[in-house]
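This report concerns only the one structure given below.
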Amino acid sequence: MAYKTILFDADMTLFDFKSAEKIALDQCLRHNGYPSTAEIIRLYSQINDDCWKAFERGEISREVLVVQRFQRLFDAIGVNGDAAAFHALYCEQLGEVPLLLDGALELCRNLCQSYRLYIITNGVARTQRLRFAKSEITPCFTDLFISEEMGCQKPHKAYFDYVAAHVPDWDPESTLVVGDSLSSDISGAIQYGLDCCWYNPQRLPYTLNQPCTYEIHCLEELFSVLGKK
């Protein structure tokens, strides 16, 4: 059976989140009169990644995550800031930077002619909605599934149950998950019994116990994957 539905992760699968993060964080730090250096931005990126991994594991709530990441940054760089207010400003700034990865626009415009495309993301809802509304890939997608609006997150079964219940004529055998995160996208797809394609541009080692269906190193390789089935 050929694939009919493709579920795409957003950040670092289609959207260039790391570049957008640097721009938005720099703007917010400068707006508040805080120091902004490449080292500080790298530090925040690591803190943010750690917080999101904890969220995926169910160790912290989203409400704690979005504030804690900035409080940890402020503590590390020695500033006395309002982490909650900074989070609100950061989300607004990040939503204004809809940068795409190389090849993402061409890929989505091509695939939407033959497949139903959906976004599956754990990102902050307001940021995702703002950014998606400004992006050139918006017309290519049928809908967005944002964990904050669903009350559950990847990789948990409840997240994919929600997606399955809201995709018309859901058929797991003709559905493919595409994402860059082993811990959320690929692990979640495998646990739910869905075919999955790991987008791995950095050629990182595969660390899950169960194999993924496909692995690609650039977005263009997805065309070849889809030609296989």
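Tell me the angle of helix 157-166 to the major Cα principal axis of the chain, expressed in degrees between 0 and 90 and rounded to the nearest ten.
Once rounded, the angle reads 60 degrees.
Would you order D26, D161 from fewest to most other beta-carbon atoms within 10 Å of each residue's own beta-carbon? Present the calculation step by step, with values, prior to reporting the outcome.
On the way: D26 16, D161 13.
So the ranking, lowest neighbour count to highest, is D161, D26.
Amide H to amide H, which residues 5 or more places from L100 or on other chains are under 5 Å from it, using H placed in the peptide plane?
Hits under the 5 Å cutoff: D16.
Is the shape of region 1-74 best called rounded, prolate or oblate, per the rule: a/c under 1.5 gives rounded, else a/b larger than b/c gives prolate, else oblate, with a ≥ b ≥ c the square roots of the Cα gyration tensor eigenvalues? Don't jump to the answer; show the numbers that get you there.
Working: a/c = 3.07, a/b = 1.63, b/c = 1.88.
Oblate.
Can you list the cysteines of the chain that have no other Cys Cβ under 4.7 Å away?
Singleton cysteines: C28, C51, C91, C152, C196, C197, C212, C218.
State the answer as a single residue: which of C91, C51, F17 lies farthest towards the positive end of the charge dipole of region 17-95, with beta carbon charges of +1 for Lys and Arg and -1 for Asp and Glu, about the Cα centre.
Going by the charge dipole, the pick is F17.
I'd like the Karplus ³J(HN,Hα) series for region 201-214: coefficients 6.51, -1.76, 1.60, θ = phi - 60°, whole numbers in Hz, and an x wherever there's a Gly or Pro.
Taking θ as phi minus 60°, the curve returns x, 8, 6, 6, x, 7, 10, 8, 6, 9, x, 8, 6, 9 Hz for region 201-214.
Extension gain V64-H217, at 0.36 nm per residue separation less the Cα-Cα distance, in nm?
On the way: separation 153, 0.36 × 153 = 55.08 nm, distance 3.37 nm.
Using 0.36 nm per residue and subtracting the Cα-Cα distance, I get 51.7 nm.
Could you work out how far helix 83-95 tilts from the main Cα principal axis of the chain, as a 0 to 90 degree angle to the nearest 10?
50 degrees
Looking at region 103-186, which GluC sites (Glu not before Pro) are DSSP coil and have at most 16 other C-beta atoms within 10 Å of their C-beta?
Details: sites: E106, E136, E148, E149, E173; in loops: E136.
Sites meeting the loop and neighbour criteria: E136.
In what sequence do E221, E59 fall when counting other Cβ within 10 Å, fewest first?
Values: E221 16, E59 11.
Going from least to most buried by this count: E59, E221.
Take the alpha carbon gyration tensor of the chain, find the square roots of its eigenvalues, order them as a ≥ b ≥ c, and report rounded if a/c is under 1.5; if not, report prolate when a/b exceeds b/c, else oblate.
Numbers: a/c = 1.88, a/b = 1.72, b/c = 1.10.
Because a/c hits 1.5 or more and a/b exceeds b/c, the chain counts as prolate.
What are the residues whose amide H is under 5 Å from the amide H of G123, where those residues sit 5 or more places off or on another chain and H is modelled from the backbone?
For G123, the qualifying residues are S147.
Got a sec to turn the phi values of region 35-42 into Karplus ³J(HN,Hα) couplings, 6.51 cos²θ - 1.76 cosθ + 1.60 with θ = phi - 60°, whole Hz, x for Gly and Pro?
Once θ is set to phi - 60°, the couplings for region 35-42 become x, 9, 10, 4, 5, 5, 5, 5 Hz.
Note down the magnitude of the dipole of region 78-229 about its Cα centre, charges +1 on Lys and Arg C-beta and -1 on Asp and Glu C-beta and zero elsewhere, to the nearest 20 debye. If you can, show how the numbers build up before the last one.
Working: 11 positive and 19 negative charges, 9 e Å.
The calculation lands at about 40 debye.
What FRET efficiency, computed as 1/(1 + (r/R0)^6) with R0 = 25 Å and r the Cβ-Cβ distance, is obtained for C152 and Q46, rounded to the nearest 0.05?
On the way: r = 26 Å, r/R0 = 1.04.
So the FRET efficiency works out to roughly 0.45.
Cα centroids of region 145-221 and region 56-114: how far apart, whole angstrom?
Comparing the Cα centres of region 145-221 and region 56-114, I get a distance of 20 Å.
List C197, C218 from most exposed to least, where exposure is judged by having the fewest other Cβ atoms within 10 Å.
Values: C197 24, C218 13.
The most exposed by this proxy come first: C218, C197.
Every number here is computed from the coordinates shown, using simple stated rules; none is lab data. Owing to the predicted nature of the structure, the values given are computational and were not obtained by experimental measurement. Here the Cβ is made from the backbone with ideal geometry for all residues, glycine too, and neighbour counts use every protein chain on show.
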